[in-house]
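The values are calculated or read from the model by the stated rules, or taken from the named source; none is laboratory data. None of these values were measured; they are calculated from a predicted model. Cβ placement follows ideal geometry from the backbone for every residue including glycine, while neighbour counts extend to all protein chains displayed. Accessible surface areas use protein heavy atoms only, side chains included; no ligands, DNA or RNA. Shrake-Rupley method; radii C 1.70, N 1.55, O 1.52, S 1.80 Å.
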Amino acid sequence: QVQLVESGGGLVQAGGSLRLSCAASGRTFETSLMGWFRQVPGKEREFVCAIRWSDSNTYYSDSAKGRFAISRDNAKKTMYLQMGSLKPEDTAIYYCAASRFMSPANGDRYKYWGQGTQVTVSS
């Protein structure tokens, strides 16, 4: 099992920045990819970005590209999401997830999920 705990969400004004963290524990060696997804109640889950543990290769959605940056600290088993130029439409619950498979944008391929952290961007 792998446990994931997100932190860092909150309320921020449009144009502001926020950094999310995702601490992993347990059998993390089983996973090769970690990602961030977000979801607004009543809407489908949306891929944000992902990072491969082995070489830090990154993958971004079009909405995240250029504004968000994903990184990881292998020693701390922690993944980060630095979000900048935030917009009200970025408001969502953000989830981190871990996968054995290399399908970064496919949420169904992620086995482990955190509890989510709320990000609210005010206009």
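Open to solvent by less than 50 Å² (accessible area, probe 1.4 Å) and of a type in the set (D, E, K, R), is that true of Asp73? When the stated conditions are applied, Asp73 passes them.
Please work out if Val5 is touching a Lys or Arg at 6+ places or on another chain (Cβ under 9 Å) and assigned to a strand (DSSP E or B). Considered against the rule, which asks whether it is touching a Lys or Arg at 6+ places or on another chain (Cβ under 9 Å) and assigned to a strand (DSSP E or B), Val5 comes out as no.
Going by the structure shown, is Ser25 surrounded by fewer than 18 Cβ atoms within 10 Å (Cβ to Cβ) and assigned to a loop (DSSP other than H, G, I, E, B)? It is false that Ser25 is surrounded by fewer than 18 Cβ atoms within 10 Å (Cβ to Cβ) and assigned to a loop (DSSP other than H, G, I, E, B). Taken over the range 60-99, residues that are in a loop (DSSP other than H, G, I, E, B), in contact (Cβ under 8 Å) with a residue 60 or more places away in the chain and touching a Leu at 6+ places or on another chain (Cβ under 8 Å) amount to 1. Is it the case, given these coordinates, that Leu18 is within 16 Å of Lys76 (Cα to Cα) and under 15 Å from the mean Cα position of the chain (by Cα)? No.
Restricting attention to the range 100-112 and to residues that are charged (D, E, K, R) and out of contact with any Leu (no Cβ under 9 Å at 6 or more places or on another chain), the residue that is farthest from Ser63 (Cα to Cα) turns out to be Lys111. Across the range 29-70, the qualifying residues are those that are of a type in the set (Lys, Arg) and under 20 Å from Ser17 (Cα atoms), and the one among them that is surrounded by the most Cβ atoms within 10 Å (Cβ to Cβ) is Arg38.
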